[in-house]
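> For reference, the structure I am asking about is given below.
The values are calculated or read from the model by the stated rules, or taken from the named source; none is laboratory data. Keep in mind it's a predicted model, so treat the numbers as computed, not measured. Heads up, the Cβs are rebuilt from the backbone with ideal geometry, glycines too, and the neighbour counts pull from every protein chain shown. Accessible surface is based on the protein model in full, side chains and every heavy atom, while ligands, DNA and RNA are left aside. Shrake-Rupley method; radii C 1.70, N 1.55, O 1.52, S 1.80 Å.
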Amino acid sequence: MDKIKKIEYLDIFEEIKTIKNPFSRENFICNVKPEYGLGNYVGYDSGSGIAFFLSNFLLNQNKILIERSNVAGVVLIFNLGNNYSFTFEDNSKFELKKNSYFLGFCSDKFVVDVSIKKSAEYNMLTIGIKEELFLKLAHNLKNLNEKMKEAKNKNYAIIEGSQIDPEQKEILSAFSKKEITEYLLTDLNLESKTMNLIEYTIKKIISNINSTYNLDKNIINSLEKAKELINESYFENLTIKEIAYKSAINECYLKKDFKKYYGMTVYEMLQKQRLNKAKELLQEDFSVKEVCTKVGYKHLGNFSKLFQNYFNISPSKYKKQFN
């Protein structure tokens, strides 16, 4: 099998336009070169230590894109496309799932390989925050100093986030609704949305991490058993009582600490697993009704409504794409 070729991330683009705006604001638009595929890459620098980069493209061949940074700082990455795998210099890997996010620390010598499959949707919003600014925004993050040291030693460090929640999704929709040429204009509203997203997400990460520091190891083990049970038995009629019993944890602790540890309730994680599995099954030779039953839902109407709300498309329309 042919080895997948590596290429510098920026080399797949051709610049269309760059505009310098008042107060040190600068933005640009690039299109993917025709020989590599279709799509674009937009950058917006607010001039205040915060910038965002919106990538939305499809490649016509498998590639490994090499991404670099010569500025020490922090990134919030929101993945709205397929699952992607990041490979760092020390050969460790990190998988970023669809509709999820994470917080990353990088040195001024940061480099990472991102594997992109042919025709896989690459749709990510990356928000860069300069180190000195982030220290002010997240000064009460308990393991902040540990992560900063780790980034200096390894050139990177990661704090896992979670699934993109409805609040984040609503803010992110402001980016997707804009015409591509609109990004060349100074947009104070978009800067405000970016700040709202940063503030909300950092508070969410801090709350999740700081609260887990106080959890007993036995409770954490039980919570991980509960998650494993949900992932493996999502199609069954699971109840809180049954999950608690099989995970060796009190029901009250399960409900309270599960949300604290994973950033979502037991029901939200169960629903997430069911709907993601449903999406996979709809790509196969099963009817919508069969998929509804296979993932544990009793009522087709309820399943369709949940699927529509989660993926912004009805299961029947999604199914037609694979007929």
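> Please count how many residues of region 22-34 are open to solvent by 30 Å² or more (accessible area, probe 1.4 Å) and polar (S, T, N, Q).
Step one: of region 22-34, the residues open to solvent by 30 Å² or more (accessible area, probe 1.4 Å) are 22-26, 28, 31, 33-34.
Restricting the remaining residues to those that are polar (S, T, N, Q) gives 24, 31.
The number of residues fulfilling the criteria is 2.
> Let me ask another. Could you list, in sequence order, the residues of region 96-140 that are of a type in the set (Val, Ile, Thr) and part of a helix (DSSP H, G or I)? Break it down stepwise before answering.
Just the residues of region 96-140 that are of a type in the set (Val, Ile, Thr), to begin with: 111-112, 114, 116, 126-127, 129.
Selection gives nothing.
> Please report, ordered by residue number, the strands (runs of 3 or more DSSP E) entirely within region 1-94 with at least 2 residues that are among the aromatic types (Phe, Trp, Tyr), at pLDDT below 95 and farther than 16 Å from Leu190 by Cβ.
Working: elements: 6-8, 13-20, 26-32, 37-45, 50-59, 63-69, 73-79, 84-88.
Qualifying strands (runs of 3 or more DSSP E): 84-88.
> Out of region 6-46, which residues are of a type in the set (Lys, Arg) and more than 25 Å from the chain's Cα centre (by Cα)? So that I can check it myself, show each step before the final result.
To start, the set of residues in region 6-46 that are of a type in the set (Lys, Arg) comprises 6, 17, 20, 25, 33.
Across region 6-46, the qualifying residues are Lys17, Lys20, Arg25, Lys33.
> Among the listed residues Thr293, Thr265, identify the single one that is polar (S, T, N, Q) and farther than 27 Å from Ser173 by Cα. Can you show your working first?
Details: Thr265 fails: farther than 27 Å from Ser173 by Cα.
Answer to the check: Thr293.
> Inside region 141-161, can you point out the residues that are open to solvent by less than 40 Å² (accessible area, probe 1.4 Å), more than 21 Å from Phe52 (Cβ to Cβ) and assigned to a helix (DSSP H, G or I)?
Across region 141-161, the qualifying residues are Leu144, Lys147, Met148.
> Okay, next question. Need the failing condition index for Tyr234 against (1) farther than 20 Å from Lys294 by Cβ; (2) open to solvent by 30 Å² or more (accessible area, probe 1.4 Å); (3) at pLDDT 90 or above, just the number.
The number of the failed condition is (1).
> Could you check how many residues of region 260-319 are more than 30 Å from Thr201 (Cβ to Cβ) and either in contact with a strand residue (DSSP E or B) (Cβ under 6 Å, 6 or more places away or on another chain) or among the charged types (D, E, K, R) (or both)?
Here the count works out to 8.
> Give me the pairs: first residue in region 244-265 and in contact (Cβ under 8 Å) with a residue 60 or more places away in the chain, second residue open to solvent by less than 50 Å² (accessible area, probe 1.4 Å), beta-carbon distance under 7 Å, and six or more apart or on different chains, which are they?
Listed by first residue and then by second, the contacts come to Tyr262/Ser162; Tyr262/Met269; Gly263/Ser162; Gly263/Lys204; Gly263/Asn208; Met264/Ser162; Met264/Gln163.
> Follow-up question, since we're still on this one. Within region 119-134, take every residue that is modelled with pLDDT under 90 and of a type outside the set (Asp, Glu) and give me the one that is nearest to Tyr200 (Cα to Cα).
Selected residue: Phe134.
> Filter region 286-323 down to the residues that are open to solvent by less than 40 Å² (accessible area, probe 1.4 Å) and outside any helix (DSSP H, G or I), then identify the one that is nearest to Asn82 (Cα to Cα).
Top of the filtered list is Ile313.
> Could you say which residue among Phe13, Phe86 is without any contact (Cβ under 8 Å) to a residue 40 or more places away in the chain and in contact with a Cys (Cβ under 6 Å, 6 or more places away or on another chain)? Full working, then the answer.
Numbers: Phe86 fails: in contact with a Cys (Cβ under 6 Å, 6 or more places away or on another chain).
After ruling out the rest, the residue left standing is Phe13.
> When residues of region 162-173 are filtered for being more than 14 Å from Ile198 (Cα to Cα) and open to solvent by less than 70 Å² (accessible area, probe 1.4 Å), how many remain?
The qualifying residues number 3.
> How many of the residues making up region 35-70 are β-branched (Val, Ile, Thr), touching a Phe, Trp or Tyr at 6+ places or on another chain (Cβ under 7 Å) and open to solvent by less than 20 Å² (accessible area, probe 1.4 Å)? It would help to see each step written out before you state the result.
To start, the set of residues in region 35-70 that are β-branched (Val, Ile, Thr) comprises 42, 50, 64, 66.
Next, only the ones that are touching a Phe, Trp or Tyr at 6+ places or on another chain (Cβ under 7 Å) stay: 42, 66.
If we keep only those that are open to solvent by less than 20 Å² (accessible area, probe 1.4 Å) too, we end up with 42.
Result for region 35-70: 1.
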